[in-house]
Amino acid sequence: MSQKTLAESSRAGAPATERGEASPRRWWILAVIAIAQLMVVLDATIVNIALPSAQSDLGFSDGSRQWIVTAYALAFASLLLLGGRIADLFGRKPAFLVGVVGFALASALGGAANGFTMLVVARALQGAFGALLAPAALSLLNTTFTDARERARAFSVYGAIAGAGGAVGLLLGGVLTDALDWRWTLYVNVAIAVVAFAGGWILLGNHRDAAGAKLDVPGTVLVASGLFSLVYGFSNAESHDWGSPLTWGFLIAGGLLLTAFAWWQTRAAHPLLPLRILLDRDRAASFLAVLITGAGMFGVFLFLTYYLQLNLGFSPTKTGVAFLPMVGALMVAAQLGTTVLVPRLGPKAVIPLGFAIATAGMAWLTGIGVGSHYVSAVLPQLVVIGVGLGLVMPPAMQLATGGVAAEDAGVASATVNAMQQVGGSIGTALLNTLAASAATDYLAGRDATSELVRARATIESYTTAFWWSAVLFGAGAVIAFLLYRRGVPKQDANAAPVVHM
């Protein structure tokens, strides 16, 4: 039998998605992918709200507390591109399943932690397995939905989870901490993972699009160490200051390593991140949109959480519930943006509009005061911000991963996740530093022993962070308008899938 006949015979027996047909189980697959993605996104914030309880139980210092969050971010950001390439080389189904199991075991280890070190190690392992799971999940989404309209609808769900997962994490973390114990903010992942693993095992097919390629070891070392240095440097800006060698030294090292990585990718026989992925204008604009959104969103989640709990006296559970209107607005806008507006108007009109709406919402949120009420000073602003982010995040994710070659799907998906994670790290460090400086400046020359003065200084720090988040979103609007091409992205509704399972 000829090679051509063998190939045709093999193709005929391949899964539907590999033959370019829509999988009959695609909506169930979307549910599995969404559950797995939610688990990864939740853990960026779900532990935050339980940190005071964990600190009291395990007895670690305030200075050590940030490493519970940073350990996850460091491992996740630095290993994402490697995780995406592993999915391309060895298959997305095994990458997905191994990521789910590893994440669950790391979560169980963290929940059983008997000290600070054990908890930090568990959080780092969560980040490492999340770096394998997240790119596999996103590239599987592109494989499964072969129709352009259905793909847009699927990405609206995925993007809404990516955008709103942080707020859901705050809610779930608050409920579990109040009702049970801080350890359940980690144990809950085991239950979620069981569902995701069972669904992935039954529903997913597997195909290695880059099976003939080899892993770019020098590129992997350069980008992993570069991203690690970048995130570590920004994290140190919170606990030290911008003048500390541990801050600027690691930031410079990260920049040099990533520059060396970009140079190496032009010469490597099997590049980890082929530069053709970055050179498409719409895709580059989408990567930047995800980066800026990740940076600005922390102005909402982090400082508004402080305001609601410390100033308005909300419990952890009530704080999480307070974010739900934003989640609802984000999900509605995500559906509208990906399935209606972008296909009709194009990203050059929709994504800058979303940034502009989010900018207006953040600027409006700066009106909070010591005696403000949630219903009048927070709720409407959250809805506006949710609408804006819903018009940015899902369409940007869809455009960032659409149209890539099959063998590049995993690493393109990993780049999206890396942009969101690095953006979040930059936003956290930058906004924390600016907020702390604003509070210090406000107290200068005033009676720092006065409770009212201290409360006003705290409000000053929050509003400063909100203003800078508004600046970030405003810059995003300008950048998106300048970079995105005019018109509607060309997509054939009956086209073959961009990547294959």
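What follows draws every value from the coordinates through simple rules; no lab data is involved. The shown structure was predicted, so the numbers you read here are calculated from the model rather than taken from an experiment. With ideal geometry, Cβ positions are generated from the backbone for all residues, glycine too; neighbour counts draw on all protein chains shown.
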For residue 482 and residue 366, what does the FRET efficiency come to when R0 = 45 Å and r is the distance between their Cβ atoms, rounded to the nearest 0.05? 0.95
Based on the mean of other beta carbon atoms within 10 Å per residue, what is the order of 256-266, 334-344, 276-286, 351-361, most packed first? 351-361, 334-344, 276-286, 256-266
Once you have a ≥ b ≥ c as the square roots of the Cα gyration tensor eigenvalues for segment 181-319, tell me rounded if a/c is under 1.5, and otherwise prolate or oblate according to whether a/b is larger than b/c. oblate
For the pair residue 449 and residue 202, the simple spin-label estimate (label points 7 Å beyond Cα toward Cβ) gives in nm 6.8 nm
Where a ≥ b ≥ c are root eigenvalues of the Cα gyration tensor, a/c under 1.5 meaning rounded, otherwise prolate if a/b exceeds b/c and oblate otherwise, segment 73-127 counts as oblate
Can you work out the Karplus-derived ³J(HN,Hα) for every residue in segment 336-341? Use 6.51 cos²θ - 1.76 cosθ + 1.60 with θ = phi - 60°, whole Hz, and x for glycine or proline. 5, x, 7, 9, 10, 6
In order through segment 358-369: 3J(HN,Hα) via Karplus (6.51 cos²θ - 1.76 cosθ + 1.60), integer Hz, x for Gly, Pro: 5, 4, 4, x, 5, 4, 5, 5, 5, x, 5, x
Can you give me the distance in nm between label points at residue 321 and residue 195, each placed 7 Å from the Cα along the Cα-to-Cβ direction? 2.2 nm
Non-local residues with an amide H under 5 Å from the amide H of residue 113, with H modelled 1.01 Å from N and Pro and chain starts lacking one, are none
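Working out 0.36 nm times the residue gap between residue 434 and residue 270, then minus their Cα-Cα distance, what length gain in nm do you get to one decimal?
Numbers: separation 164, 0.36 × 164 = 59.04 nm, distance 4.20 nm.
In short, 54.8 nm is gained.
Output the peptides 171-179, 419-427, 447-455 sorted from most to least packed, where packing is the average of other Cβ atoms within 10 Å over each peptide's residues.
419-427, 171-179, 447-455
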So for R0 = 30 Å, FRET eff. of residue 101-residue 178 from the Cβ-Cβ r, to 0.05, ends up at 0.55
